[in-house]
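Bear in mind that the values in this text are calculations on the coordinates, not laboratory data. Being a predicted model, the structure only gives us computed values, none of them experimental. Cβ: placed from backbone, ideal geometry, glycine included. Neighbour counts: every protein chain shown.
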Amino acid sequence: MSRFLTRGGVFGNPSSITHRFGNAAREAVDRARGQVAALIGATPGEIVWTSGATESINLAIKGIMLSSSVPGRHLVVTAVEHKATLDAAGWLGSSGFDVSIVAPDPGGRITAKRIQRAIREDTALVSLMHVNNELGTVTDVGSIARVLQDAGVLFHVDAAQSAARLALDVSRLGVDLLSVSAHKMYGPKGIGALFVRRGLQAALVPQVHGGGQEAGLRPGTLPTHQIAGMGEAASLVAQHREEDRARIAELDDCLLRHLTRIPGSVVNGSRRDRIPGILNVAFAGVTAESLMVALGDVAISNGSACTTATLEPSHVLLALGMSRARAFASLRFSIGRFTTRAEIDLAGARVREAVSSLRSLAA
């Protein structure tokens, strides 16, 4: 990325192709577009750069629902979505659109049958996550896509959590739009992309105005350094995904053993339909907030990073029918490419000590 930030490097504007400096930047952007496309089985022309998954989700949902060329004013989302999806749906609901929110089963799963029951003749779009960011639950996107294709309903998938963890092929999955984020695949923060199936871009309504970049769907000067970083991250994911997955699965098993040995601990969500690397665990008699304070040297959270400022329990856990007390006692543990066995063992020991200490103080 540093090559695109200095005077001695590739500093040109990729939209300024009347000189070699701009052309060099354009080549870097095109290369990265191809790398991201290759990761998800798309073509480079189907990739639209955005500032991250949140913007990608907003562009997909609002862009389709506001389009005059897409029939229907009914949107379907689920209760366990990221706030980007739920807030976009809420805005549309307040603007006169009909929004249905599908509840998961007690394990956090969204099935094709649940989606099928929610769609109507006027349904324009269904938007849901591939891998839940708090539970790690995996949704069978392919089976849902087949239901929606039969009904003539467009399908958007939030793949922020799955792009670095699962092999993705947008054609095989049968999705129309798909959002990804660079920093969820070890790339830079502040850059993401939206896959828009060929032929659908003309129907999408831009949410930002002021230029012709990205076929007019996302105007603004392209951040070459961030785009190049996302492209390289996507290439590295494609090379190392399987070895990363196998190693993370071993660490996940180890952490799970540590945490479930703590009396009164319960794993939230499905343990079968879950991807390794995201664990959500409740510890009876201890609030997540007090446990996080006690674990200052362990990086954990009680929900997504976008909602850590709120005092409310996780909306994802409440959607599972969980009590507020259990939701307040739950923590999310994430394992990644650079996590070590020593860190897992240390975290497990520290959580056990902290839970025991907090319970003794409350006794």
Query raised in the report: Magnitude of the Cβ-charge dipole of the chain, K/R +1 and D/E -1, about the Cα centre, nearest 20 debye?
Result: 240 debye
Query - Among [x] 5, 15, 18, 18, 15, 10, 7, 5, 4, 3, 1, 0; [y] 5, 24, 30, 24, 13, 4, 0, 0; [z] 6, 29, 37, 23, 5, 0, the entry derived from the coordinates for P(r) over Cα pairs in 10 Å bins from 0, in percent - result: [y]
Report task. Would you kindly state how much longer the chain becomes between Gln116 and Arg73 on full extension, computed as 0.36 nm times their sequence separation minus their alpha carbon distance, in nm to one decimal? Result -> 13.8 nm
Report summary line: For region 177-242, shape from the Cα gyration tensor axes a ≥ b ≥ c, cut at a/c of 1.5 then a/b versus b/c, turns out oblate
Report summary line: Of the DSSP H helices in the chain, the ones reaching 24 Å or more along their long axis in Cα terms and averaging at least -1.0 in Kyte-Doolittle hydropathy are 20-40, 224-260, 341-362
Report summary line: Assertion target for Thr6, Thr18, ordered by fewest C-beta neighbours within 10 angstrom first, is Thr18, Thr6
Query raised in the report: Suppose R0 equals 30 Å; then what is the FRET efficiency for Ala203 and Ser301 from their Cβ-Cβ distance, rounded to the nearest 0.05?
Result: 0.20
Report task. Evaluate the distance, in nm, between pseudo-label points positioned 7 Å from the Cα of Glu250 and of Ser2 along their respective Cα→Cβ axes. Result -> 3.2 nm
Query - Residues in region 231-269 that a label on Phe11 would reach, taking backbone N under 16 Å of a point 7 Å out along Cα→Cβ - result: none
Query raised in the report: DSSP beta bridges in the chain, what fraction antiparallel, as a percent rounded to 5?
Result: 55 percent
Requested in this report: Go ahead and run the numbers for FRET between Leu311 and His19, Cβ-Cβ distance against an R0 of 56 Å, rounding to 0.05.
Outcome: 0.55
Report summary line: If every Lys and Arg gets +1 and every Asp and Glu gets -1 at its Cβ, then about the Cα centre region 241-362 yields a dipole, in debye to the nearest 20, of 300 debye
Report task. Pull up the DSSP beta bridges for region 76-211 and report the antiparallel fraction as a percent, rounded to 5. Result -> 35 percent
Report task. Note the full-extension length gain between Asp140 and Ser290 as 0.36 nm times their separation in residues minus their Cα-Cα distance, in nm to one decimal. Result -> 50.4 nm
Query raised in the report: Taking only DSSP H segments of four or more residues, each worth -39500 (n - 2.57), what value at 222 nm results for the chain once the sum is divided by all its residues, to the nearest 500 deg cm²/dmol?
Result: -12500 deg cm²/dmol
**Report entry** Cα→Cβ-extended label distance, 7 Å offset, between Leu346 and Ala325, nm
**Finding:** 3.5 nm
